[in-house]
1. Along each of the three principal axes of the Cα atoms of the stretch 100-243, give the extent in whole Å, ordering the values from largest to smallest.
2. Specify which residue in the list Met67, Gln17, Leu238 is farthest towards the positive end of the charge dipole of the chain, using unit charges on the beta carbon of Lys, Arg (+1) and Asp, Glu (-1), about the Cα centre.
3. Counting pairs of alpha carbon atoms under 8 Å apart in space and at least six apart in sequence, what relative contact order in percent does the chain give?
4. Could you pull the Rg and Dmax for the chain, using just the Cα atoms, both in Å?
5. What aspartates and glutamates sit close enough to Lys83 to cross-link, taking a C-alpha to C-alpha distance under 18 Å and skipping anything fewer than 8 places away on the same chain?
6. Work out which GluC sites (Glu not before Pro) in the chain are exposed loop sites (DSSP not H, G, I, E or B, at most 11 other Cβ within 10 Å) and give the longest gap free of them.
7. From the phi of every residue in the stretch 233-238, what ³J(HN,Hα) in whole Hz does the Karplus formula 6.51 cos²θ - 1.76 cosθ + 1.60 yield, where θ is phi - 60° and glycine or proline is x?
8. Would you compute, from DSSP H runs of 4+ residues alone, the mean residue ellipticity of the chain at 222 nm, taking -39500 (n - 2.57) per run and dividing by the full residue count, rounded to the nearest 500?
Amino acid sequence: MNNFHALEEAFWQSISQSHYTSNNIKAYISPVTEVQNFNICYINEGADIQEIINVLNWYNAQSRDCMIICPEGPTHAILQSHKVTWQLENETPTMAMFLNLNEWQPIPNRIDDFVIRLSNDDLSYWSSPLVTAFGSGDLLQDAIVIGQYQTAHEMALRQQCPLYHFALIHHDTPICSLTLTIIDDAARLDDIGTDIHHQGKGYATALIQYALIFAKEQSAKQCVLEASSDGLSVYQKLGFKSLWHYHAYYKSTELNTKHHNQNDHQ
């Protein structure tokens, strides 16, 4: 699905400080330096061993770890067969999902004690819930990470990237947020997170529906996202359909460089 990958590339490229492109690979290095999970590498169907080695060399040359994302299929089988040699660690898989906005109908919200703000002019509203939503439990470290991530999004907005940042506010406090990317007639959702003290109450659903209505008002006809297992049921309830499974691996820069130089045709 071309729109899915075009939106995927638009989002990650907009918030990255550098990127790498080959025929079947899109890879990004994030300004977030405290953790490596934002260095995303999409290895798409059709990539061969040498193409994969080249992108691993790119990360290794810059001393950056990365998160490798690959759909189910023959290319994923290559990663599996070289998992030990390339020192890949399994991470939680995700699901590519799609919603036809022309057919979508909102469902009743469970809650009504909130307001929603488009926060492009002040991303602190948007970033605040992400500290605990995506955090490790170390509040100081998590605040540093999200602060760096906010700076990356501020950079994207200065470059006039088509990102919209929404925050749901409850009792004057931002408790849920997301990022919406819109290109032509298609939209993508990212960064959907609810403060840990307010999860499971329906705030994320309400915010997502608000963003979907906003996207339709901007003439979007479809919306895509990449779902973790935690959010899958919410997206399915809203009408999103599964497209394909994404497998995920964490790659450390501790890779022995001799494997690169030998081209690794095992």
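Since every read-out is calculated from the coordinates, none of them should be taken as a lab result. What you see is a predicted model; the values in this text were computed from it and never measured. Backbone-built Cβ (ideal geometry, glycine too); neighbour counts: all protein chains shown.
1. Taking the Cα atoms of the stretch 100-243, the three principal extents are 43, 35, 30 Å.
2. Comparing the listed Cα positions along the dipole, Leu238 ranks first.
3. 28
4. Values for the chain (Cα only, Rg and Dmax): 18.7, 61 Å.
5. Glu45, Asp48, Glu51, Asp65, Glu72, Glu91, Glu254, Asp264
6. Values: sites that count: Glu103, Glu254.
Result, exposed sites excluded: 104-253.
7. With the stated coefficients, the stretch 233-238 comes to 5, 4, 5, 5, 4, 7 Hz.
8. Computed ellipticity for the chain at 222 nm equals -10000 deg cm²/dmol.
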